1. Among VAL91, THR250, ILE160, whose Cα sits farthest toward the positive end of the charge dipole of the chain (+1 at Cβ of Lys/Arg, -1 at Cβ of Asp/Glu, about the Cα centre)?
2. Of ASP333, ASP209, ASP54, how do they rank once you tally other Cβ atoms within 10 Å and put the fewest first?
3. Assign unit charges at the C-beta atoms only (+1 for Lys and Arg, -1 for Asp and Glu), then state the dipole size of the range 8-452 relative to its Cα centre in Debye, rounded to the nearest 20.
4. For a quick check: with amide H placed at 1.01 Å from N, whose amide H comes under 5 Å from ILE219's, ignoring anything fewer than 5 positions away on the same chain?
5. Fewest Cβ neighbours within 10 Å first, please rank THR140, THR250 accordingly.
6. Quick one: what are the phi-derived ³J(HN,Hα) couplings along the range 247-258, Karplus 6.51/-1.76/1.60 with θ = phi - 60°, whole Hz, x for glycine and proline?
7. Taking R0 as 30 Å, what FRET efficiency do you get between SER419 and TRP127 from their Cβ-Cβ distance, rounded to the nearest 0.05?
8. Quote the FRET efficiency, to the nearest 0.05, computed for ARG196 versus GLU259 with a Förster distance R0 of 22 Å and r equal to the Cβ-Cβ distance.
Amino acid sequence: MLVRGVGLRGAVAINVIAMVGIGPLITIPLVLGALHGPLSLIGWLAGALLALCDGLIWAELGAAFPGSGGTYGYLRNVFGSQRAGALLSFVFAWQTVASVPLLQASGYIGFANYAAYLVPSLATHPWEQKLLAVGVGGVTLIALYRGITTVSRIGSALAIVVAVTMACVIVAAFVHFSHAQAFAVGPADSFWSGLRGGFGQALIIAMYDYLGYGAASAIGDEVIVPKRTLPRAIVVAIGLVAVAYVTLQTGILGAVRWESVIPHADGSLPPLGQYLASAVVERAFGVPAAIVVTVLILITAFASVYGNLLGFSRVPYAAAVDGAFWRAFAHLDARGRFPDVALLVIGLLALPACFFSLDAAIAWLTTGTVIIGPLAQIAAVFVMRARGQRSPFRMWWYPLPAAIALVGWLFVFASAGASAIAFGLLSLGTGIAAFLIGAKMRAAWPFAAQRGT
């Protein structure tokens with residue numbers, strides 16, 4: 001039996017460290033490349049709105065079904081464990097195993113890229129950077145290979161580091177802040193033309209940075225009073241992170257010229273764009289301070305991948321415990337009582353994924369679980385409400401947040417690009433095929449009627 005060792009503070013910490021990692025510190029130049037100058041703030045605000053609307057869906061479902069597995073458990077409970085819910089929950093677990101390694105790898109790659117500020121030779125030796133990323137993945141796996149009570153304490157400590165890191169960069173950005181520079185729209189840009197040109201790409205990047213607010217929901221069986229704790233942890237985490245992101249972006253706009261950090265035509269970043277946060281701190285407080293902050297940034301990056309692997313490893317475990325996924329994933333470590341097989345499989349698959357480029361990993365991740373994930377959860381809330389099922393937490397202003405989330409996620413999926421859409425559809429299709437093959441062999445739904453005949 002799993003141990004309930006995570007309270008509200010721990011749940012908020014797990015969500016925050018899953019959301020805030022190295023992501024915004026390496027993706028701000030990408031957002032600025034899509035939405036120039038102060039228009040970039042619209043991307044972060046739109047991402048916050050979509051995250052909050054989607055977070056309210058997580059909150060209502062999490063309070064109604066506060067078990068481990070997150071989305072997996074919600075789909076199984078709402079759509080039926082022996083009918084469509086069996087298909088949806090299996091495919092979600094399948095896509096988790098296929099896609100989360102890319103999520104982890106994006107964090108490991110970002111860590112290695114930022115480490116080049118401390119070790120400049122890494123910038124000219126890409127294979128060394130990749131090997132460092134693999135090493136960080138190994139350390140993350142080892143750190144999580146222990147009981148949940150210890151993990152919760154480590155998560156809370158890492159959340160403090162995350163807060164300190166963001167605060168240092170934000171303060172440095174406002175030391176030499178220029179209001180005129182921050183809010184000046186370039187002569188070649190206009191409000192509507194700028195949004196039309198890059199809003200979709202900016203929203204994709206923003207959601208990559210916001211995702212993680214449901215991390216604690218994936219370990220519901222290890223949360224204290226989850227019906228109250230999970231909704232609060234989601235809303236609080238989104239609010240804290242949204243304020244931090246918008247403040248950080250505003251400070252960056254006033255500290256450096258946005259034209260100097262955006263990607264080149266070939267997609268590569270200029271030096272200032274690669275180490276933006278370190279450069280801002282260096283300008284404000286000098287090289288020694290920049291080195292210290294860079295170390296904190298690396299710890300922050302580790303905190304993010306730590307929180308993600310913790311939460312997502314519980315998804316295939318919960319599915320396997322219910323008999324909806326391969327039985328091996330239900331195994332618990334005899335000493336620490338944590339799902340060791342699920343943790344090892346996802347953690348080890350992330351290591352070869354470190355050899356992807358960062359932009360490819362982010363693009364493919366965007367569509368990897370959108371259909372059997374946010375969109376399926378939105379449908380689950382509508383079905384639950386139509387049946388008259390009441391959750392201990394009910395989203396505010398229903399159905400408006402659900403409608404906004406639906407439109408937002410469809411827009412994100414359509415804006416992700418051909419290769420990312422293909423990956424999302426491929427992982428979905430192979431998951432459905434794997435489920436149907438297994439159901440045919442067991443004569444289970446949707447082939448159960450044939451067995452009776």
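Please treat every number below as a calculation from the coordinates, not as lab data. Since the model is a prediction, treat every value here as computed from it, not as a measurement. Quick reminder, even Gly has a Cβ in these numbers, built from the backbone with ideal geometry, and neighbours come from all protein chains shown.
1. After comparing all options, I get VAL91.
2. ASP333, ASP209, ASP54
3. Dipole of the range 8-452, to the nearest 20 debye: 1480 debye.
4. GLY69
5. THR250, THR140
6. Along the range 247-258, the couplings run 5, 4, 5, 4, x, 4, 4, x, 9, 9, 6, 4 Hz.
7. Result of the calculation: an efficiency of 0.80.
8. For R0 = 22 Å, the calculated efficiency reads 0.65.
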